[in-house]
Each structure stands twice: as structure tokens, then as C-alpha cells.
Amino acid sequence: MEQTDERNLTSATTAMERGRKPVSFAAAGVVELRRYLLHPGGFPVLRRLFENHFIAGQQDAGMLVGTVYEDLDQPDRFVWWRAFADMADRRRALETFYDGPLWAAHRDEANATMIDSDDVLLLRHTDPPHGDMFADRLVSGPHRAQRRRR
């Protein structure tokens, strides 16, 4: 555990010193929403690869990696987010990761889980930002519960 914490701290510090990795999805200039279609039974294999190798490896390359999700309606979908400071950093980070030894060591096993990995939304924030645009319209309390029942 101590070695993992030290590696993660070193990786994060190195990336931040280079000014590459965004500190949050809200601060990212470019965000990808990725949806992979997997072979039946591929989800746990790909999730294990992400948890054990790919999240740290992509962070080391300068990406901010978000949570992995299961699609409740499609159990063979692997959904995840990653973010970049800008398009130039995206290109550099992707080349660093996908041309590197970590991906080379695990790509065959990862690719064997996938039918399609091309369902990608490349997103950027609106200009001007609209983060709080709907905050005053959010429904809370008992009204929210009633709306869900309809």
C-alpha cells in the first residue's frame, strides 16, 4: 500500500509540475465520454485491467481518468470518462500512453474484451461556462419524490 501511495503521489506531482493534467473535469479543456461494446463476460476483465494498470498509466501520461460505469440496460457496455487540458495535451498524452510499455504489455488482453471502442464523444465546456445555469431550477424535497413516481 505504501509503495502504491508513493507511486501515485509521484505520478500526480510529475504531471502537475509539467502542467499537463487538469485538476478536475470542470477545469478540463477537453473531455471524452467513451462507451465500449464488449464481448459477453468482458466487463470484469477490462475493469480489472483499468483498476490495476490503465488508470495509473493514463494519469502518468497526463490524463485525468474518471469513474468506470456499467450501463444498467446493456451489461456489455463499458463506459468511462477521461479529460485533458487541451487538444494538444490530448494528442501528446494519447501518444505517450498508447506508444508506451504499459499499453503494449496489456493491449492484447484489453482488445480481446472489446467488440467496438469507437463510440466516443469529444466534449468541451460551453463558452461562457454554464455550470450553475440550472441550479435555481433544481427541484428538491418532497416535490422531487413526487415527480419520480409519475
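Beta carbons closer than 8 Å, at least 6 apart along the sequence or on distinct chains, pair a first residue in region 32-43 that is closer than 17 Å to V65 by Cα with a second that is of a type in the set (F, W, Y) and open to solvent by 10 Å² or more (accessible area, probe 1.4 Å) for E32/W81; L33/W81; R34/W81. Any residue that is open to solvent by 20 Å² or more (accessible area, probe 1.4 Å) and of a type in the set (G, A, S) - is there at least one of those in region 58-73? Scanning region 58-73 turns up no residue that is open to solvent by 20 Å² or more (accessible area, probe 1.4 Å) and of a type in the set (G, A, S).
Counting the residues of region 1-60 that are touching a helix residue (DSSP H, G or I) at 6+ places or on another chain (Cβ under 8 Å) and modelled with pLDDT under 50 gives 6.
Hey, any hits in region 68-78 for a residue that's modelled with pLDDT under 95 and of a type in the set (S, T, N, Q)? Yes - at least one qualifying residue is present in region 68-78. Could you grab me the full set of residues in region 111-128 that are assigned to a strand (DSSP E or B) and open to solvent by 60 Å² or more (accessible area, probe 1.4 Å)? Scanning region 111-128 gives I115, D118, L121, L122, L123.
Taking every residue in region 82-107 that is closer than 14 Å to G29 by Cα and pairing it with any residue that is part of a helix (DSSP H, G or I) and open to solvent by 30 Å² or more (accessible area, probe 1.4 Å), at least 6 positions away or on another chain, the pairs with Cβ-Cβ distances below 8 Å are F84/R90. Whether a residue is open to solvent by less than 80 Å² (accessible area, probe 1.4 Å) and more than 21 Å from S24 (Cα to Cα) was assessed, and P44 passes this test. Name the residues in region 86-100 that are farther than 23 Å from F43 by Cα, open to solvent by 40 Å² or more (accessible area, probe 1.4 Å) and not aliphatic (A, V, I, L, M), would you? Once the filter is applied, which keeps residues that are farther than 23 Å from F43 by Cα, open to solvent by 40 Å² or more (accessible area, probe 1.4 Å) and not aliphatic (A, V, I, L, M), region 86-100 yields D86, R90, R91, R92, E95, T96, D99.
Listed by position, the helices (runs of 4 or more DSSP H) contained in region 34-99 that have at least 3 residues being touching a Phe, Trp or Tyr at 6+ places or on another chain (Cβ under 9 Å) and within 14 Å of A110 (Cα to Cα) are 42-49.
The values are calculated or read from the model by the stated rules, or taken from the named source; none is laboratory data. These figures come from a predicted structure and were not determined experimentally. We place every Cβ from the backbone using ideal geometry, glycine too, and count neighbours over all the protein chains shown. Areas reflect the complete protein model, heavy atoms only, side chains present, ligands, DNA and RNA absent. Shrake-Rupley method; radii C 1.70, N 1.55, O 1.52, S 1.80 Å.
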